[in-house]
Amino acid sequence: MNSKKNLLVYLLLFFLPVFIFAQNNSRPFKVVIDAGHGGKDPGCQGKYSKEKDVALAVALKTGKLISDNCPNVKVIYTRKTDVFVELYRRAEIANSNHADLFISFHCNANENQNANGIETFVMGLHKSEANQAVARAENSAMLKESNYQNNYDGFNPNTPEAAILFSLYSSAYLNNSILIADKVQKNLVRETKLLNRGVKQAGFWVLYKVAMPSILIEMGFLSNTDDEKYLLNENNKNAVADAVFQAFTSYYTQITGNTIEIPINKDNPSNNDNSDHNSVDNQFDKTEKTKEETGKLTSLTKVRFMVQFMAIPEKISLSDSKFKGMPNVNRFKENNLWKYTAGNEISMEDVRVVLKKVKERYPDAFIIAFDGEEKISVSEAQKRLKSTNF
Ligand SMILES: [Zn+2]
């Protein structure tokens, strides 16, 4: 064998993955925001609200949070107004854009008006009759289409055979779907205090068709007085959107290794370097942040865990190359030192993942915690988290 040829092959084998990786890294991450129903399809209905309106409102808020805060993420909407979009068309939009993630927003309803709470679905076999019923209700949106038999190859969501199609489902994307579903569900329950119904699997046509990690969020029951009342409130809609957004950023940084700068505090009166304060100056530095509203929009976040990995007198740009690959790098000033942190997590579990990664480069790194602008001990943070849990 020609050794030069061999060398060429080795070189190719060595550099090809690098090249592919670089290619992947240079394209923006694309997330599809899918507001369920719309137009002639109202979805389920409460006393005062229709699912299509609640879904659209929260979807738009979530999309805005992402596009305002994540410059490297492209947000694609299946609808931005009250129009009817066929189920197959939603999947088409996601697939033709080669999206990286699909998030569908819905509300639940049940004959039993006591049924309440939040659940997040990933595609999979029906594990229970209750899960199947939710999927059946959502899939039946296709019955509103005049030509639905042709668009879905004769699939009828109301027959038992419908489940057989899904029983063949296996997905390369299931792990990541569960990863984002867990984060969304955890955040939503913590932020809204609505009942935690958990992450579930069921046969949703739209999740079945999209070729990417995907979830469907049932944000509460419009048939339940308390859930509906909660979802009618504008601030609460913001809280739901914020919870999904925070889950998204956590997923995004974990999957891509890219960083997103998210202001942690709210209403910061311009950083007037109150340098004579010897005590903690918990204003996370925002001089490099451009969008005023981001602080406002993310103000609903409370207890946060970060990994502190460096404390020095110098103020270094957050885009400095030494922070490359570190998730969510931020900094704050305390006792005349600039302290640099990575991660912005809502649980110890998540911040431990960040810690492990950061320790590869900064073995002395450790976990710290904030409640809004207040720096608190990690144990206090855990206590406060527990007390706000259901
Ligand atoms: Zn729905």
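Using the per-residue mean of other Cβ atoms lying within 10 Å as a proxy for protection, in what order, highest first, do the peptides 40-50, 223-233, 56-66 fall? Present the calculation step by step, with values, prior to reporting the outcome.
Numbers: 40-50: 17.1, 223-233: 18.8, 56-66: 22.4.
For the peptides 40-50, 223-233, 56-66, the packing ranking is 56-66, 223-233, 40-50.
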Original post:
Which whole-Hz ³J(HN,Hα) couplings does the stretch 247-260 yield from phi under the Karplus relation 6.51 cos²θ - 1.76 cosθ + 1.60, θ = phi - 60°, glycine and proline marked x?
Top reply: 5, 4, 5, 5, 5, 4, 5, 5, 6, 9, x, 6, 10, 10
Original post:
If each of LYS64 and ASN175 carries a label point 7 Å out from its Cα toward its Cβ, how far apart are those two points in nm?
Top reply: 3.7 nm
Subject >> Burial order of peptide ranges 68-74, 342-348 (average beta-carbon count within 10 Å, highest first) >> reply: 342-348, 68-74
Subject >> Label-point gap, in nm, between LYS383 and LYS40 - each point 7 angstrom along Cα→Cβ >> reply: 6.0 nm
Original post:
What order do you get for THR120, THR341, THR192, THR159 when you list them from fewest to most C-beta neighbours inside 10 Å?
Top reply: THR159, THR192, THR341, THR120
Subject >> Estimated FRET transfer efficiency (LEU232, ALA115; beta-carbon r; R0 25 Å; 0.05) >> reply: 0.90
Original post:
Quick one: LYS375, LYS183, LYS315, fewest Cβ neighbours within 10 Å first, how do they rank?
Top reply: LYS315, LYS375, LYS183
Original post:
Local charge sum around ASN150 (other residues, Cβ-Cβ under 14 Å, Lys/Arg +1, Asp/Glu -1)?
Top reply: -2
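Since every read-out is calculated from the coordinates, none of them should be taken as a lab result. Keep in mind that this is a model prediction, so the values were computed, not measured. Here the Cβ is made from the backbone with ideal geometry for all residues, glycine too, and neighbour counts use every protein chain on show.
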